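*Asks:* Here it is: the structure, laid out below.
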Amino acid sequence: MTAKIARANRIGYGAIAVILLLVLVAGCGAPDPALSRGVSAGARPEGRILFAAKGDIYMWDGSVHQVTKVGDASSPAWSHDGNRFVFVRSGDAFSDLYSDMIDGNQLAQLTHNQPTNQEGTQAYVNNSVWALDPAWSPVADTIAFVSDLQTSQNYLWLMEGLGGPPHQIPASTTNGDNVENPSFSPDGTKIVFTQRTTVENDTQRSTGLWVVDLNSGQLTSLVKADSGAYDGAWSPNGNWIAYIQRDGTNNDLWVVPASGGQPTQLTDGKQLASPVWSPDGSQIAFFEVDGDGFKVSYVSFSIGQNGQPTASDSQKLFTAAGIDATSAMSWTK
């Protein structure tokens, strides 16, 4: 029962957003004057960004529009062709995946996790199942997501074909603790994800980035950080993975070669979450603390003459009321 209740705590998005805000604000620090700024801000971002706010899905395409009107939605992700999107709807101790067109004319429920037992009973809690953090393959109608289906932990699952029977990715169970936030490689053969690790007599937890090869099942540790690394996002050209790393009390944007290697810090003294690449890979957007809420900001990204990644200073892209910074954004053309 304790494990199931822990899953319920993932879905208190309003409360979690407040907690996240307090944690990030506590990380305010002075910028590092030595941090390299080798690129100008460049062209204004274009395309369509999905995000969650106030229990619904919204889209930015130069201005902000509300897409759903359900009150329990989160974690949107575009399909590979940009015609559909998948998102999470949360119920009482369970959640399900749905897909729809942007005009709302083809809503489809992809999972069916609500227990048939009477609500409030032990049986209801024991049979509750979460489906979280969906990511749509860039090359097929395949959706990766996190679920505690048939287990007491959240592991990675794949749904091949919309509404098809999901199957677990066995390698994601290797470390024996919860995983989060999968992101596909551009060719759809690998997934980077956040791995939680509980240490010190189950009282402390840290996070790192791991990569699983879907063909071979090989599992590779990509980033380990003392204070935590999370929210990995694969670049469109496949060469880089952007992520957020906690360093002391800051939560900054970093990138690391997708093949492994030395990470590079792109921002300093920031309070950021949920990075996402522009479709052409020239920009990275993210949630940033803004007063008592969040805004969406971005940096322009390039590779310098020395082969090292560089970024511009961050700029505001847009704001919206009640942004859910625990839900990822998704960016398409």
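*Asks:* Could you check the range 159-190 and list, in sequence order, the residues that are acidic (Asp, Glu) and part of a strand (DSSP E or B)?
*Replies:* Once the filter is applied, which keeps residues that are acidic (Asp, Glu) and part of a strand (DSSP E or B), the range 159-190 yields 160, 180.
*Asks:* Related question: Restricting to the range 241-276, what's the tally of residues that are within 18 Å of the chain's Cα centre (by Cα), part of a strand (DSSP E or B) and closer than 17 Å to residue 194 by Cβ?
*Replies:* Counting residues in the range 241-276 that are within 18 Å of the chain's Cα centre (by Cα), part of a strand (DSSP E or B) and closer than 17 Å to residue 194 by Cβ gives 17.
*Asks:* Could you give me the residue pairs with C-beta distances under 7 Å whose first residue belongs to the range 126-143 and is under 15 Å from residue 326 (Cβ atoms) and assigned to a loop (DSSP other than H, G, I, E, B), whose second residue is modelled with pLDDT of 95 or more and of a type in the set (Phe, Trp, Tyr) wherever it lies, and which are 6+ apart or on separate chains?
*Replies:* Within 7 Å, the pairs are 130/94.
*Asks:* Tally the residues that are touching a Gly at 6+ places or on another chain (Cβ under 8 Å), among the hydrophobic types (A, V, I, L, M, F, W, C) and free of Cβ contacts under 8 Å to residues at least 40 places away in the same chain, restricting the search to the range 220-266.
*Replies:* Matching residues across the range 220-266 total 3.
*Asks:* Hey, another quick one. Go over the candidates 303, 284 one by one and state the one that is under 16 Å from the mean Cα position of the chain (by Cα), at pLDDT 95 or above and on the phi < 0 side of the Ramachandran plot.
*Replies:* 284
*Asks:* May I pose another question? Among the residues of the range 64-89 satisfying the criterion of being in contact with a Lys or Arg (Cβ under 9 Å, 6 or more places away or on another chain) and of a type outside the set (S, T, N, Q), which is farthest from residue 321 (Cα to Cα)?
*Replies:* Out of the qualifying residues, it is 82.
*Asks:* Select from the range 298-333 the residues that are closer than 22 Å to residue 135 by Cβ and among the hydroxyl-bearing types (Ser, Thr, Tyr) and write down the one among them that is surrounded by the fewest Cβ atoms within 10 Å (Cβ to Cβ).
*Replies:* 332
*Asks:* Looking at the range 109-155, which of the residues that are among the small types (Gly, Ala, Ser) and closer than 24 Å to residue 76 by Cβ is surrounded by the fewest Cβ atoms within 10 Å (Cβ to Cβ)?
*Replies:* 140
For (1) buried (at least 21 other Cβ atoms within 10 Å of the Cβ); (2) of a type in the set (D, E, K, R); (3) touching a Ser or Thr at 6+ places or on another chain (Cβ under 6 Å), each residue gets a yes or a no:
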site	(1), (2), (3)
207	yes, no, yes
212	yes, no, no
221	no, no, no
255	yes, no, yes
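*Asks:* With the structure loaded, tell me whether residue 90 is over 25 Å from residue 311 (Cα atoms), at pLDDT 55 or above and touching a Leu at 6+ places or on another chain (Cβ under 8 Å) or whether it fails that test.
*Replies:* Answer is no for this residue.
*Asks:* Taking strands (runs of 3 or more DSSP E) that fall entirely within the range 56-117, which contain at least 1 residues that are over 17 Å from residue 160 (Cα atoms) and charged (D, E, K, R)?
*Replies:* Hits in the range 56-117: 56-60, 84-90.
*Asks:* Pairs needed: first member in the range 63-84, more than 17 Å from residue 98 (Cβ to Cβ) and modelled with pLDDT of 95 or more; second member anywhere, of a type in the set (A, V, I, L, M, F, W, C) and part of a loop (DSSP other than H, G, I, E, B); C-beta distance under 8 Å; at least 6 residues apart or different chains.
*Replies:* Every condition considered, the pairs that remain are 64/320; 80/139; 80/140.
The values are calculated or read from the model by the stated rules, or taken from the named source; none is laboratory data. Keep in mind that this is a model prediction, so the values were computed, not measured. Positions of Cβ are backbone-derived with ideal geometry, glycine not excepted, and every protein chain shown enters the neighbour counts.
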